[in-house]
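The block underneath contains the structure these notes are about, expressed in structure tokens.
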Amino acid sequence: MSGLSVLIVDDEWNMRNLLKIFLRKEGFTVYEAANGREALALIGKQSFAIVLLDVMLPDMDGWQVCRKIREENNVPLLMLTARTDTKDKVQGLRIGADDYVTKPFEPEELIARIHSLLRRTGVQRSQPANRVLHYSEMEIDPEGRRVMIAGKEADFTPKEFELFCLLGENPRRTFTREEIVERLWGLEFEGESRVVDTHVKNLREKAQRAGLSYQPIRTVWGVGYKFHADGAGE
């Protein structure tokens, strides 16, 4: 992970400094922002491998910052908060966060979560390089992390892309919600499996807005979800 840039967004200097120490030991290049506006300004100027975003900020809360980021940027987002309510976690994931860590946490746990998130949203995959999946009206490029619909690139969050890619690479298989959660969020995920429903809904809506004439994900009642290739092969 050497050389990857991380943005820490937290109004507490002690927390930022602690995170900076551990992240630099892991080889990351660390940037800091004490509030939402500073964070958005930095993200508008350069690229980051991951953003660590605290929920409680002085000018705008982490939810607002997350929404603003997701309007134009798909950078992996890991939320940090002292809140333990499951509803808060689900809210963060629903609006575009990729993972959620509750304070206080062990630095080792946070580092493990960061590495896990980078693996899930990175280019390290098991399929051969440059293998593009061709379906009716669309293409999925796992290596390039792109979905082309009607000849144009569709805009998905990192987690939505992971879900689309998982189903698209296994078009004949039906995945349960629990399997999808384990694949995309990991065994440590403490939220509800219904978060998958929200991501499927968002993905379907975005695919239709991008020009797809059919629903790319089919609900298998009582089981889960599977990819709908509209009759096209792999």
* Structure fact -> Checked PRO142, PRO171 against criteria (at pLDDT below 90, within 20 Å of ASP98 (Cβ to Cβ) and surrounded by 13 or more Cβ atoms within 10 Å (Cβ to Cβ)); the one match is PRO142
* **For ILE50: the one exception among (1) surrounded by 19 or more Cβ atoms within 10 Å (Cβ to Cβ); (2) free of Cβ contacts under 8 Å to residues at least 40 places away in the same chain; (3) touching a strand residue (DSSP E or B) at 6+ places or on another chain (Cβ under 8 Å)** => (2)
* If you take the residues of region 11-41 that are part of a helix (DSSP H, G or I) and of a type in the set (D, E, K, R), which of them is surrounded by the most Cβ atoms within 10 Å (Cβ to Cβ)? -> ARG16
* Structure fact -> In region 1-25, anything among the charged types (D, E, K, R) and either closer than 19 Å to VAL65 by Cα or in contact with a strand residue (DSSP E or B) (Cβ under 9 Å, 6 or more places away or on another chain) (or both) is listed as ASP10, ASP11, GLU12, ARG16, LYS20, ARG24
* **Scan of region 1-10 for residues that are modelled with pLDDT of 90 or more and assigned to a strand (DSSP E or B), ordered by number** => VAL6, LEU7, ILE8, VAL9
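The values are calculated or read from the model by the stated rules, or taken from the named source; none is laboratory data. Just so you know, these numbers come straight off a predicted model, no measurement behind them. Neighbour counts are summed over all protein chains in view; Cβ atoms, including those assigned to glycine, are modelled from backbone coordinates with ideal geometry.
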